[in-house]
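**Q** Structure provided below as structure tokens; questions to follow.
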Amino acid sequence: MAVVAHTGPDAGPDDTVVRAGPDVSNGTVIPDGTASPDGTVFPEGTVAPEGTVSPGGTVTPDSPRLAIRVSGLTKSYGEIEAVRGIDFEVKAGETFGFLGPNGAGKSTTIKILCTLAKPTSGDAWVAGRNVRTERDAVRRNIGLVFQDTTLDNYLSGAQNLRFHAALYGVPAAAVAPRMRQVLEMVGLWERRDSLVMTYSGGMKRRLEIARGLLHAPHVLFLDEPTVGLDPQTRSSIWEYINDLKTREDITIFLTTHYMDEAEHCDRIAIIDHGKIVAIDTPEALKASVGKDRVQIQTENDEAAIAELASAFGIEAGVHEGAVTFSVPSGEQFVPQLFARLTVPVRTVSVSRPSLDDVFMNYTGTTIRDAEATGSDAMRQMAARLGRR
Amino acid sequence: MTMAPQTRTAQDQTAPGQTAGTGTAGTETAGTPAAGAAARAASRVLAEQIRVSVPERSLQLDLRAVSIVWRRELIRFRRDRLRAVTSLIQPLLFLLVLGTGLSSLAKGSLPPGVNFKTFIYPGVLAMSVMFTAIFSAASIVWDREFGFLREMLVAPVSRSAIVVGKCLGGATIATFQGIVMLALAWLADVPYSPVLLITLVGELLLLAFTLTAFGVMMAARITQFQAFMALTQMLVMPLFFLSGALYPLKGLPGWLSVLTRIDPLTYVVGPMRHAVVAHLNIGPLAQRALSPGITWDGWTVPIWLSLVFILAMGLIMMSIAIVTFSKTE
């Protein structure tokens with residue numbers, strides 16, 4: 001067992017958890033003091049396990065190390081194609097978000113990456129391990145927080161963590177200090193001996209995040225980490241996640257259908273109907289839209305749309321109960337709008353491009369409209385209640 | 001694999017009173033009146049380096065998993081006192097109400113000085129174990145419904161470790177339930193002989209294990225709690241009635257005789273009754289009359305074979321459960 005609780009005097013605050021490399025049993029152990037402070041998944045000098053960077057490709061010394069690599073992934077359930085050929089890479093240390101409406105294929109993708117589902121075709125590597133052929137190795141290197149709670153309500157918070165530590169083989173000497181660390185991180189240390197059934201929804205989610213981190217995984221998967229929580233709790237969960245990024249040397253992969261949450265990510269992939277339609281940083285995606293969004297409420301939406309088309313040559317649609325369209329400069333457009341539109345306008349709003357616009361730009365619909373046609377009525381309700 | 005001694009951090013030495021990571025440290029921190037001290041302790045804990053590695057799968061790891069799954073069963077059982085008490089009620093009803101009520105009727109056919117309650121006591125013991133064992137397996141169905149099963153199934157341990165831990169956990173708490181019943185032996189005029197008690201505990205453990213394995217095997221396939229309970233309830237009573245718990249397995253009509261020999265519970269109740277009767281202060285003839293042994297077409301099945309038979313059944317059912325769980329997800 002490689003149990004080393006060690007702090008070098010020169011250890012920075014940003015690398016609080018030092019892992020032995022993924023190949024501990026093969027004798028590859030990081031020499032003291034060279035714990036990857038740059039947030040890399042594989043320790044220096046260790047050749048990444050097969051297929052890390054590109055299966056059959058070249059591993060160049062200065063190429064960014066990858067936490068996740070997905071290539072041509074598809075998944076069908078009978079007739080239904082949930083995931084229809086996706087490719088992407090997540091660099092080590094990144095926070096990567098999968099944004100899309102329910103039923104877009106987010107959960108299916110996360111399941112495949114966590115080895116809970118087998119891909120129909122294509123391949124994926126997580127922490128350098130193949131999800132098809134190295135299930136155990138993948139599982140050792142990932143932490144999971146599911147959409148639905150997977151805690152034992154009849155055990156205390158600490159007992160839930162101890163159970164997890166034993167199942168993941170966390171070295172006995174490291175269990176107590178690490179447990180304290182993750183519990184402090186999510187602010188549950190004082191409540192560790194209370195039964196989980198007495199926890200609030202937000203506390204349970206935090207405990208699950210702490211548990212997911214307990215075995216110091218390389219990649220933490222968060223499947224809709226704040227679904228079903230009230231807005232205040234949601235933002236506090238995000239504080240913990242952002243805090244965690246500064247403390248742990250970890251890659252975070254999360255799915256969400258909340259636009260505002262996607263803003264927390266370093267990069268996001270927009271997924272719709274089982275395909276990735278855009279992938280970049282939130283800023284770059286917003287810049288790519290290059291237009292302001294104008295929403296007007298009118299006495300007669302149909303007439304307004306027709307007039308917009310004839311007078312300005314603008315293609316507008318009704319989204320979220322208002323006539324919506326994009327123009328290069330919203331402030332300058334509004335006076336012209338009032339001057340030339342004959343349909344009475346009740347309200348006007350102009351907004352800078354948000355991820356909503358990005359989503360609309362790439363998919364032709366807003367995420368809310370996309371969900372309104374979805375199947376999971378309960379989830380929609382929860383989503384709507386949770387939003388603003 | 002390397003094993004380096006755990007060394008404290010520099011920060012630890014500056015605050016020796018609050019060593020990180022132990023339970024007592026936590027209460028100290030919580031009890032500190034100055035919130036600043038607690039916050040400092042917390043930030044120190046957060047900044048501490050802890051090397052954590054998840055090792056490759058090994059037998060040692062699997063044993064640790066078995067042990068934690070087993071311990072969880074015990075913790076949950078300890079919390080659930082109501083269940084412990086309620087599962088004693090039915091066996092006690094059989095022993096005290098049925099046993100007393102039928103004793104005058106049975107008097108003629110029992111050797112003098114032998115109580116009918118003594119005769120049915122082994123069966124009642126078996127019954128007390130039965131319910132707890134099968135209920136404990138039901139927790140798998142429960143865990144599935146509440147998501148905790150997933151936490152176990154995604155862990156990088158072998159599924160067999162989880163199933164074995166579950167079976168042993170259920171067997172332990174069910175045996176404990178049997179021991180409570182065993183403590184009430186005086187109600188049935190059964191002597192507290194150490195040899196007898198040890199024999200009975202051993203046999204109860206065997207029964208508890210096999211029944212839990214049976215329950216786990218069912219729970220591996222049945223995903224609905226109601227369905228699981230309905231099915232097991234339906235099976236428990238016939239198993240009990242056909243086991244010879246309430247009547248001797250001699251001179252029965254052919255159909256019943258066959259059914260009793262098929263019932264696995266027979267092979268535990270028989271040896272237990274043999275043990276109890278052997279410790280009664282009655283002649284060998286009376287002993288043979290009370291516990292004639294299980295016969296297959298005139299051949300008396302030895303006690304050891306009965307017990308081996310039960311153990312083998314338990315192991316087979318546990319293996320089936322392991323295979324089923326290994327296939328899921």
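The values are calculated or read from the model by the stated rules, or taken from the named source; none is laboratory data. Just so it is clear, the model here is predicted, and its values are computed rather than measured. Positions of Cβ are generated from backbone atoms using ideal geometry, with glycine treated the same way; all protein chains shown enter the neighbour counts.
**Q** Considering only the range A:127-157, state which residues are part of a helix (DSSP H, G or I) and crowded, with 22+ Cβ neighbours inside 10 Å.
**A** A:ALA137, A:VAL138, A:ARG139, A:ARG140, A:GLY157
**Q** Something else: Inspect the range B:94-105 for any residue being surrounded by 15 or more Cβ atoms within 10 Å (Cβ to Cβ), within 14 Å of chain A (Cβ to nearest Cβ) and polar (S, T, N, Q) and give the result as yes or no.
**A** If we filter the range B:94-105 for residues that are surrounded by 15 or more Cβ atoms within 10 Å (Cβ to Cβ), which is where we start, we get B:94-96, B:98-99, B:102-103.
After this cut, where a residue has to be within 14 Å of chain A (Cβ to nearest Cβ) as well, the list is none.
No - not one qualifying residue is present in the range B:94-105.
**Q** Output the residue which, of all residues in the range A:348-358 that are surrounded by 15 or more Cβ atoms within 10 Å (Cβ to Cβ) and in contact with a strand residue (DSSP E or B) (Cβ under 6 Å, 6 or more places away or on another chain), is farthest from A:GLY330 (Cα to Cα).
**A** Initially, the range A:348-358 is screened for residues surrounded by 15 or more Cβ atoms within 10 Å (Cβ to Cβ), giving A:348, A:350, A:353-358.
From what's left, in contact with a strand residue (DSSP E or B) (Cβ under 6 Å, 6 or more places away or on another chain): A:348, A:350, A:357.
Numbers: A:VAL348: 11, A:VAL350: 6, A:ASP357: 14 Å.
Here the residue is A:ASP357.
**Q** Here's another thing I want to ask about it. Could you check how many residues of the range B:247-268 are of a type outside the set (Ser, Thr, Tyr), part of a helix (DSSP H, G or I) and in contact with a Leu (Cβ under 6 Å, 6 or more places away or on another chain)? Walk me through how you get there before you give the answer.
**A** Keep residues of the range B:247-268 that are of a type outside the set (Ser, Thr, Tyr), which gives B:248-256, B:258-259, B:261-265, B:268.
Now drop any that are not part of a helix (DSSP H, G or I), which leaves B:254-256, B:258-259, B:261-262, B:268.
From what's left, in contact with a Leu (Cβ under 6 Å, 6 or more places away or on another chain): B:259, B:268.
The number of residues fulfilling the criteria is 2.
**Q** Considering only the range A:210-236, state which residues are of a type in the set (Gly, Ala, Ser) and modelled with pLDDT under 85.
**A** A:GLY228
**Q** I want to confirm something. Restricting to the range B:258-273 and keeping residues that are free of Cβ contacts under 8 Å to residues at least 60 places away in the same chain, farther than 16 Å from B:VAL308 by Cα and in contact with a helix residue (DSSP H, G or I) (Cβ under 9 Å, 6 or more places away or on another chain), which single residue is surrounded by the fewest Cβ atoms within 10 Å (Cβ to Cβ)?
**A** Ranking the candidates gives B:LEU259 first.
**Q** Does the range B:151-158 contain any residue that is of a type in the set (D, E, K, R) and touching a residue at least 60 places away in the same chain (Cβ under 8 Å)? Full working, then the answer.
**A** Initially, the range B:151-158 is screened for residues of a type in the set (D, E, K, R), giving B:151.
Pick out the ones that are also touching a residue at least 60 places away in the same chain (Cβ under 8 Å) and you get none.
No, the range B:151-158 has no match at all.
**Q** Applying the selection to the range B:135-175, what residues are within 11 Å of chain A (Cβ to nearest Cβ), farther than 18 Å from B:MET229 by Cβ and of a type in the set (Ser, Thr, Tyr)? Steps first, answer last, please.
**A** Just the residues of the range B:135-175 that are within 11 Å of chain A (Cβ to nearest Cβ), to begin with: B:139, B:142-158, B:161-162, B:165.
Still in the list and also farther than 18 Å from B:MET229 by Cβ: B:147-148, B:150-158, B:161-162, B:165.
Result: B:SER158, single match.
**Q** Please tell me if B:GLY254 is surrounded by fewer than 21 Cβ atoms within 10 Å (Cβ to Cβ), of a type outside the set (Val, Ile, Thr) and without any contact (Cβ under 8 Å) to a residue 40 or more places away in the chain.
**A** Values: surrounded by fewer than 21 Cβ atoms within 10 Å (Cβ to Cβ): yes; of a type outside the set (Val, Ile, Thr): yes; without any contact (Cβ under 8 Å) to a residue 40 or more places away in the chain: yes.
Yes, satisfied.
**Q** Same structure, new question: Could you list, in sequence order, all residues of the range A:70-109 that are of a type in the set (Lys, Arg) and within 19 Å of A:ALA278 (Cβ to Cβ)? Spell out the reasoning first.
**A** Applying the first criterion (of a type in the set (Lys, Arg)) to the range A:70-109 yields A:75, A:84, A:91, A:106.
Across the range A:70-109, the qualifying residues are A:ARG84, A:LYS91, A:LYS106.
**Q** What tally of residues in the range A:152-180 results from selecting those that are of a type in the set (A, V, I, L, M), facing chain B (nearest Cβ under 7 Å) and either in contact with a Lys or Arg (Cβ under 6 Å, 6 or more places away or on another chain) or without any contact (Cβ under 8 Å) to a residue 24 or more places away in the chain (or both)?
**A** The total comes to 3.
**Q** State whether one or more residues within the range B:138-145 are surrounded by fewer than 22 Cβ atoms within 10 Å (Cβ to Cβ) and free of Cβ contacts under 8 Å to residues at least 12 places away in the same chain.
**A** yes
**Q** Taking A:ASN160 as meeting all but one of (1) of a type outside the set (Gly, Ala, Ser); (2) under 23 Å from A:GLY105 (Cα atoms); (3) modelled with pLDDT of 95 or more, write down the number of the exception.
**A** Unmet for A:ASN160, out of (1) of a type outside the set (Gly, Ala, Ser); (2) under 23 Å from A:GLY105 (Cα atoms); (3) modelled with pLDDT of 95 or more: (2).
Let's see how each residue does on (1) facing chain A (nearest Cβ under 10 Å); (2) under 30 Å from B:GLY244 (Cα atoms); (3) not in a helix (DSSP H, G or I):
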| position | (1), (2), (3) |
| --- | --- |
| B:ASP62 | yes, no, no |
| B:TRP70 | no, no, no |
| B:GLU73 | no, no, no |
| B:ARG83 | no, yes, no |
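**Q** In addition: I'd like to check something: does the range A:194-209 contain any residue that is at the interface with another protein chain (Cβ under 9 Å from one of its Cβ atoms), buried (at least 23 other Cβ atoms within 10 Å of the Cβ) and farther than 14 Å from A:LEU244 by Cα?
**A** For the range A:194-209, residues at the interface with another protein chain (Cβ under 9 Å from one of its Cβ atoms), buried (at least 23 other Cβ atoms within 10 Å of the Cβ) and farther than 14 Å from A:LEU244 by Cα: absent.
**Q** Of the conditions (1) within 9 Å of another protein chain (Cβ to nearest Cβ); (2) in contact (Cβ under 8 Å) with a residue 60 or more places away in the chain; (3) in a helix (DSSP H, G or I); (4) surrounded by 20 or more Cβ atoms within 10 Å (Cβ to Cβ), A:THR109 fails just one. Which one is it?
**A** So A:THR109 meets the others, but not (1).
**Q** Oh, and also: Residue by residue through the range A:133-175, note down the ones that are among the small types (Gly, Ala, Ser), more than 19 Å from the chain's Cα centre (by Cα) and over 18 Å from B:ALA161 (Cα atoms). Can you show your working first?
**A** Taking the range A:133-175 first, the residues among the small types (Gly, Ala, Ser) are A:137, A:143, A:156-158, A:165-166, A:169, A:172-174.
Then keep just the ones that are more than 19 Å from the chain's Cα centre (by Cα); that gives A:137, A:156-158, A:165-166, A:169, A:172-174.
Once the filter is applied, which keeps residues that are among the small types (Gly, Ala, Ser), more than 19 Å from the chain's Cα centre (by Cα) and over 18 Å from B:ALA161 (Cα atoms), the range A:133-175 yields A:SER156, A:GLY157, A:ALA158, A:ALA172, A:ALA173, A:ALA174.
**Q** Additional query: Filter the range B:294-308 down to residues that are out of contact with any Leu (no Cβ under 8 Å at 6 or more places or on another chain) and buried (at least 17 other Cβ atoms within 10 Å of the Cβ), then give me how many there are.
**A** Here is the first cut: in the range B:294-308, the residues out of contact with any Leu (no Cβ under 8 Å at 6 or more places or on another chain) are B:296-306, B:308.
Now restrict to residues that are buried (at least 17 other Cβ atoms within 10 Å of the Cβ): B:301, B:303, B:306.
Here the count works out to 3.
**Q** Mind listing whichever residues of the range B:181-205 are under 13 Å from the mean Cα position of the chain (by Cα) and buried (at least 24 other Cβ atoms within 10 Å of the Cβ)?
**A** Of the residues in the range B:181-205, the ones under 13 Å from the mean Cα position of the chain (by Cα) are B:201-205.
The answer is B:GLU203, B:LEU204.
**Q** Checking the condition surrounded by 20 or more Cβ atoms within 10 Å (Cβ to Cβ), over 16 Å from the mean Cα position of the chain (by Cα) and of a type outside the set (Lys, Arg), which residue from A:ILE271, A:ILE296 passes?
**A** Details: A:ILE271 fails: over 16 Å from the mean Cα position of the chain (by Cα).
Step by step, each of A:ILE271, A:ILE296 is checked, and only A:ILE296 is surrounded by 20 or more Cβ atoms within 10 Å (Cβ to Cβ), over 16 Å from the mean Cα position of the chain (by Cα) and of a type outside the set (Lys, Arg).
**Q** Would it be correct to say that B:GLY178 is more than 10 Å from chain A (Cβ to nearest Cβ), free of Cβ contacts under 8 Å to residues at least 60 places away in the same chain and either buried (at least 19 other Cβ atoms within 10 Å of the Cβ) or not in a helix (DSSP H, G or I) (or both)?
**A** Numbers: more than 10 Å from chain A (Cβ to nearest Cβ): yes; free of Cβ contacts under 8 Å to residues at least 60 places away in the same chain: yes; either buried (at least 19 other Cβ atoms within 10 Å of the Cβ) or not in a helix (DSSP H, G or I) (or both): yes.
Against the criterion (more than 10 Å from chain A (Cβ to nearest Cβ), free of Cβ contacts under 8 Å to residues at least 60 places away in the same chain and either buried (at least 19 other Cβ atoms within 10 Å of the Cβ) or not in a helix (DSSP H, G or I) (or both)), B:GLY178 qualifies.
**Q** Only residues that are β-branched (Val, Ile, Thr), part of a loop (DSSP other than H, G, I, E, B) and in contact with a Gly (Cβ under 8 Å, 6 or more places away or on another chain): list them for the range A:180-234, please. Don't jump to the end; show me each part of the working.
**A** In the first step, residues of the range A:180-234 are kept if they are β-branched (Val, Ile, Thr); the result is A:182, A:186, A:196, A:198, A:209, A:219, A:226-227, A:233.
From what is left, the residues that are part of a loop (DSSP other than H, G, I, E, B) are A:186, A:226-227.
Residues satisfying the conditions are A:THR226, A:VAL227.
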